[in-house]
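Undergrad: Sharing a structure here in structure tokens format.
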Amino acid sequence: MAYYNTNKEMGESLKKSWEQARSQEEVILRFFEHYPYRSFTPFEVQEEIRILQGKEWPITSVRRAMTDLTNNDRLIKVNSVMKAGKYGKPNHMWRLARY
């Protein structure tokens, strides 16, 4: 879990931000565990989380969580396949690290 405190939060605000970052990573990891053989772009993860759980997260938060999960060997970035994202630009895909 990582919250990059670039705006110098302190006290309860910082604690809440850490908890939110941890929660986002847990939800995204559970999502990938539910689909262990599939790969997703960050935009696809964002949309599925919105549909399934009603959570509206900025794409930057989704990307941060997916990058941190990758750095912790929970997800794998699939470099051989890219897919057009929300704005038509190629996006990398990620999958669960166990498969």
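Undergrad: What is the residue count in the stretch 54-82 for residues that are open to solvent by 90 Å² or more (accessible area, probe 1.4 Å), in contact (Cβ under 8 Å) with a residue 24 or more places away in the chain and touching a helix residue (DSSP H, G or I) at 6+ places or on another chain (Cβ under 9 Å)?
TA: Counting residues in the stretch 54-82 that are open to solvent by 90 Å² or more (accessible area, probe 1.4 Å), in contact (Cβ under 8 Å) with a residue 24 or more places away in the chain and touching a helix residue (DSSP H, G or I) at 6+ places or on another chain (Cβ under 9 Å) gives 1.
Undergrad: Then there's this: In the stretch 83-99, which residues are polar (S, T, N, Q) and either modelled with pLDDT of 95 or more or open to solvent by 100 Å² or more (accessible area, probe 1.4 Å) (or both)? Full working, then the answer.
TA: Just the residues of the stretch 83-99 that are polar (S, T, N, Q), to begin with: 91.
Once the filter is applied, which keeps residues that are polar (S, T, N, Q) and either modelled with pLDDT of 95 or more or open to solvent by 100 Å² or more (accessible area, probe 1.4 Å) (or both), the stretch 83-99 yields nothing.
Undergrad: Six or more apart or on different chains, Cβ under 7 Å: which pairs go from a residue in the stretch 18-46 that's over 19 Å from Thr60 (Cβ atoms) to one that's at pLDDT below 90 and open to solvent by 10 Å² or more (accessible area, probe 1.4 Å)? Could you list them?
TA: Hits for this filter: Pro36/Arg98; Pro36/Tyr99; Tyr37/Tyr99; Ser39/Val81.
Undergrad: Shifting gears a bit: Out of all the residues in the stretch 33-85, which are part of a loop (DSSP other than H, G, I, E, B), under 10 Å from the mean Cα position of the chain (by Cα) and farther than 16 Å from Ser23 by Cα?
TA: Passing the criteria: only Thr41.
The values are calculated or read from the model by the stated rules, or taken from the named source; none is laboratory data. What you are looking at is a predicted structure, and each value in this text was computed from that prediction instead of being measured. Note: ideal-geometry Cβ built from the backbone for every residue, glycine included; neighbour counts use all protein chains shown. Note: accessible area is taken over every heavy atom of the protein model, side chains too, but ligands, DNA and RNA are not part of it. Shrake-Rupley method; radii C 1.70, N 1.55, O 1.52, S 1.80 Å.
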